[in-house]
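> Would you mind keeping the following structure in view while I ask a few things?
Each reported figure results from applying straightforward, stated rules to the coordinates on display, with no laboratory input. Every value quoted in this text rests on a predicted model; they were computed, and no experiment measured them. Note that we place each Cβ from the backbone using ideal geometry, even for glycine, and neighbour counts take in every protein chain shown.
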Amino acid sequence: MDERHVLVVEDDEAIRGLVELIASRHGYTSSLVTDGGEAIAALAGETTYDAVILDLMMPNVSGYDVIRYIKENSLPVPVIVVTAAIKGLDWTRIDKSVVKAVLTKPFEIEALTGALTAVCGAPHSR
Amino acid sequence: MSHIMPVTSEPFDSRRRGSGGEEFALLIDAVQDYAIFLLGREGDIRSWNRGASRIMGYGEEDVRGGHFSLFYGPGDLEARKPQRELEAAARDGRVEDEGWRVRKDGTRFWANTIITALRDGDGSIQGFAKVTRDLTQRREADEQLRQSAEIFQLLVSSVRDYAIFMLDPEGRIATWNSGAQRIKGYAPEEIIGRHFSTFYSEEDVRSGKPERELVLAREQGSVEDEGWRVRKDGSRFWANVVITAVHDRRGELRGFAKVTRDISERKRVEETERALLDQREARLQAEEERRRAEASYRAAREANRAKDEFLMTLSHELRTPMTAILGWARMLPAMSPGDATFRDAVKAIAAAAQLQSRLINDILDVSQIVSGKLRLSPEAVELGDLIMNAVDAVRSTADAKQITFTTALEPGLGTIVVDAIRIQQVLWNFLSNAVKFTPRNGIVRVSARRTPSQVEIAVSDDGEGIDPQFLPNVFEPFRQAEVPQTRVHGGLGLGLSIVRHLVEAHGGTVTAQSAGRGKGATFTVTLPLRAVADAGPLPAERLRGVDIILVGDDPESRRMTAAALRAAGANLLPLDSAAAALDAIERYRPHVVVTDIAGPELDGYALTRALRQREYGSDIRIVALSPSPPAREERGAFDACLSKPVDPSQLVDEIARMTSGSTA
């Protein structure tokens, strides 16, 4: 089974569940983590991800740190940022070579699926 | 010397005259301080003494028979002074002179000479006696004196920078120097003899200042003054003046020495310096103001930055639940209500909506507080109930983290007059923070105690604690002990600032303690017992339309209680006996009976029992007033028991609570 696998990094439980549900409806498997530290640990592990759906403002280790980790380690995984802090974004730390899309909360479900399609290719139909 | 005559035995030779003459001659000869010698009719020297030798430097053998012109200088000789002196002495009998004479060695000395003509019995000139004194030393002293006086006068008169002049004892000008002329503009002949008040301004003269200064100088010896003086041309100058009284040797006042300096320039310099100092002062002040302005600008900018940050946080915090609500709501139509995800969706939507409503309430509270529109609705509440309600409100959240509450509430916490909803909000805030910051399986402690004047409620946890550096700021708005990019805990950071405002509006205080990070935290609120009554007047007429019969046998306390109830708008009938009360109750059917229960002549229990037996008895609210709490089995008969002395606001609150609805 060649299912696409996304890493969902989000501290809000309700949104984490929502993203997982949307992703699964569109043929993605999700791994869920609640902050940047857990995300980096997951990215350093055996599993390879087709995309990371990343919140920025999270406890302990922020989404910016995850972006930097990916950049510094030249990981080939594309990132979709999903953030509520659109006004306060530090664009200098949102590396274009890593971040392929930025979605604002609240986001349209189609915007998320569209971004997933854009970075991972068309989903496998179920 | 043309010729020296030999000493003859002339009768005038003293040494030739008898035994008395002999002694006399010895005496003369011995005199050292006077040259005493005899001259013949033509001026030839006939005798010589020791004084003459000493003063003139000639020995007797040098001069005997010589002419006395020997002792005169060339000028005198040319003027025939020796001859003229002899002629004068012959004519007048005696001639005295002072002048230069010449010694043997050619040096000069200042001599006083007296030449006396010597006549015989028929009056014809026999010769002359000449006495010469050497006054050189005295003359030198005189000369010195004269010269020093002259020099002094010269000095004084030539001093140009000081006006130095004498006043006579009446203050008229006696002398004048060039300094005086230069400074004051008068020539000596214009001013000498005039009164020195000429130099003073009209107002000084009118006030008697010149005379005053003379009096002072006389009394103290001298007087110094600085002030405006007037020149001849009417212009003014700033003068330093010293007037010194001058007395002669006998102590008589001879006048005054007056020394005047024109220090206008110095004054100008001083004034300039002062002006410069003032200017510097003003500059420093301006600098200080600028610094203050900068500081307040920085503070404003900081506040602005904090507000920007707050708005960012606000936007973030509102978007997060909104994302959940909108997202899950969009997913709902594709679900069937039986799905587990359907229930999850509904739960997520509800939770997010609740969070959002709380955020909005916080924002509304802050805007009320900021605009000063926060209004409290005070009521008397049981403090224990208030605390337990707040605990119940967070219990489900606590249960989810398996957090245990321990409560230590002192018995008899009693009632407190507060805005119950607001104080519950305060406690809920402390409790939910404690639950939020306490790890799973932790403990949150709640304690409360009452002092005579206040209650104290503390909420402690052993959670994350607070950084000591941040501790002073926990009640400031828009502060959270985190940088925004790594938010551990959601929320706006407004909760504690709202809490502080609410507590302070009740006249209370709120404090936070923590031993540091990881060491837990304690939040303590204190509230005065009559918090709201102190914070502002109770709303008037809360008992409007309530009919009350008040029964009490102590007129004084009855009167006070009645006043309180009337002030609250109640219709009141005060009575002093149970019998009168039962009668009146039958007729008027009041809403409330307030009765003493342990008065010496009044049995409130009996009254209550009698009343309850009537068919309308249970419709009437009965409030018992008692110095000590009634026994448990008796308490049930009353709707409320209040301790005496009665707290009027508590009584009003109690009656308002029990009659709300029934009188509307």
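> Among residues other than B:Ala420 whose Cβ falls under 13 Å from its Cβ, what is the net charge (Lys/Arg +1, Asp/Glu -1)?
In short, -3.
> Something else now. Provide the net charge surrounding A:Lys71, with neighbours chosen by a C-beta distance below 11 Å and charges set as Lys +1, Arg +1, Asp -1, Glu -1.
Summing Lys/Arg as +1 and Asp/Glu as -1 gives 0.
> Applying 1/(1 + (r/R0)^6) with R0 = 35 Å to the Cβ-Cβ distance of B:Asp122 and B:Leu26, what FRET efficiency is obtained, to the nearest 0.05?
Working: r = 30 Å, r/R0 = 0.86.
That pair, B:Asp122 with B:Leu26, gives E of 0.70.
> Under the 0.36 nm per residue contour assumption, what length would be gained going from the current alpha-carbon distance of B:Arg182 and B:Asp248 to full extension?
My answer for the length gained is 20.8 nm.
> Continuing with this model, one more query. Counting Lys and Arg as +1 and Asp and Glu as -1, each charge on the Cβ, what is the dipole of the protein assembly as shown about the Cα centre in debye, to the nearest 20?
1140
> Answer with one residue from B:Val346, B:Thr260, B:Ala606: the one whose Cα lies farthest towards the positive end of the charge dipole of chain B, charges on Cβ with Lys, Arg +1 and Asp, Glu -1.
B:Val346
> Let me ask something else. Once each part is reduced to its C-alpha centroid, what is the distance from the range B:211-265 to the range B:502-532 in angstrom?
Cα centroid to Cα centroid, the span is 77 Å.
> Do any of B:Lys81/B:Lys104; A:Lys71/B:Lys436; B:Lys209/B:Lys267; A:Lys105/B:Lys307; B:Lys307/B:Lys519 go past 24 Å between their Cα atoms, and which?
A:Lys71/B:Lys436; B:Lys307/B:Lys519, as the Cα separations exceed 24 Å there.
> Would you mind ranking B:Phe24, B:Phe237 so that the residue whose beta carbon has the fewest other beta carbons within 10 Å leads the list?
B:Phe24, B:Phe237
> Over chain B, calculate the relative contact order: mean separation of alpha carbon pairs under 8 Å at least 6 apart, over the residue count, as a percent.
6
> Counting Lys and Arg as +1 and Asp and Glu as -1, what is the net charge of the other residues whose Cβ lies under 14 Å from the Cβ of B:Gly518?
Summing Lys and Arg as +1 and Asp and Glu as -1 gives -2.
> Dipole of the protein assembly as shown (Lys/Arg Cβ +1, Asp/Glu Cβ -1, origin at the Cα centre): which of A:Val6, B:Leu155, A:Ile67 lies farthest to the positive side?
So the residue furthest toward the plus end is B:Leu155.
> Need the C-alpha centroid separation for the range A:68-89 versus the range B:568-586, integer Å.
79
> Separate question: How big is the dipole moment of the range B:216-373 about its Cα centre under a simple scheme where the beta carbon of each Lys and Arg is +1, that of each Asp and Glu is -1, and everything else is neutral? Debye, nearest 20, please.
Computed charge dipole of the range B:216-373: roughly 400 debye.
> Then there's this: Can you tell me the FRET efficiency between B:Ser315 and B:Gln354 if r is taken as the Cβ-Cβ distance and R0 is 25 Å, rounded to the nearest 0.05?
Given R0 = 25 Å and the Cβ-Cβ separation, E is 0.85.
> How much length would be gained if the chain were fully extended between B:Phe342 and B:Glu456, taking 0.36 nm per residue of separation minus their Cα-Cα distance, in nm to one decimal?
Here the segment from B:Phe342 to B:Glu456 would lengthen by 36.5 nm.
> Note down the nm distance, to one decimal, between modelled labels 7 Å out along Cα→Cβ at B:Trp228 and at B:Arg80.
Here the modelled spin labels are 7.4 nm apart.
> Compute the relative contact order of the range B:566-618 as a whole-number percentage, counting only Cα pairs closer than 8 Å that sit 6 or more residues apart in sequence.
Dividing the mean separation by the residue count of the range B:566-618 yields 27 percent.
> By counting other Cβ atoms within 10 Å of each Cβ, how are B:Cys641, A:Cys120 ranked from fewest to most? Write out the running numbers ahead of the final one.
Numbers: B:Cys641 17, A:Cys120 20.
Lowest count first: B:Cys641, A:Cys120.
> Mind checking which of B:Ala90, B:Ile620, B:Tyr200 is farthest towards the positive end of the protein assembly as shown's charge dipole, using Cβ charges of +1 (Lys, Arg) and -1 (Asp, Glu) about the Cα centre?
B:Ala90
> How many angstrom separate the Cα center of the range B:83-120 from the Cα center of the range B:168-198?
47
> Treating the angle as unsigned and between 0 and 90°, give the value, to the nearest 10°, between the Cα long axis of helix B:136-158 and the longest Cα principal axis of chain B.
Roughly 40 degrees between the two axes.
> Hey, what's the Cα Rg ratio for the protein assembly as shown versus the globular rule of thumb, 2.2 N^0.38 Å?
Dividing the Cα radius of gyration by 2.2 N^0.38 Å gives 2.25.
> Continuing with this model, one more query. Using a simple spin-label model with points 7 Å from Cα along the Cα→Cβ vector, what separation in nm is obtained for B:Gln513 and B:Asp33?
10.9
> Can you tell me the orientation of helix B:18-30 relative to chain B, as the angle in degrees between its alpha-carbon axis and the longest Cα principal axis, to the nearest 10?
That helix lies at roughly 40 degrees to the long axis.
> If you line up the long axis of helix B:209-220 against the longest principal axis of chain B, both from Cα atoms, how many degrees apart are they, to the nearest 10?
Taking the Cα atoms of chain B, the angle to B:209-220 is about 70 degrees.
> Please report, to one decimal in angstroms, the Kirkwood hydrodynamic radius of chain A built from all distinct Cα-Cα pairs.
One over the average 1/r among Cα pairs gives 14.3 Å for chain A.
> Mind sorting B:His316, B:His506 by how few other Cβ atoms lie within 10 Å of their own Cβ, fewest first? Walk me through the intermediate numbers first.
Details: B:His316 22, B:His506 26.
Placing the least packed residue first, the sequence is B:His316, B:His506.
> Could you calculate the contour length gain from B:Glu96 to B:Ala295, that is, 0.36 nm times the residue separation minus the distance between their Cα atoms, to one decimal place in nm?
Answer, rounded to one decimal: 61.6 nm.
> Pairs of Cα atoms under 8 Å, at least six residues apart: use those to get the relative contact order of the range B:329-447, whole percent.
Values: 105 pairs, mean separation 33.4, N = 119.
Result for the range B:329-447 is 28 percent.
> Dipole of chain B, Cα-centred, from +1 at each Lys and Arg C-beta and -1 at each Asp and Glu C-beta, to the nearest 20 debye?
1520
> While we're on this one: Based on the alpha-carbon gyration tensor of the range B:525-656, what equivalent-ellipsoid semi-axes (square roots of 5 times the eigenvalues) come out, in whole Å, largest first?
Numbers: eigenvalues 119, 57, 38 Å².
The three semi-axes for the range B:525-656 are 24, 17, 14 Å.
> So what is the 222 nm mean residue ellipticity for the protein assembly as shown from helices alone, if each DSSP H run of at least 4 adds -39500 (n - 2.57) and you divide by all residues, rounding to the nearest 500 deg cm²/dmol?
-13500 deg cm²/dmol
> Among DSSP beta bridges whose residues both lie in the protein assembly as shown, state the antiparallel percentage, nearest 5. Don't jump to the answer; show the numbers that get you there.
Numbers: 78 of 120 bridges.
Restricted to the protein assembly as shown, the bridges split so that about 65 percent are antiparallel.
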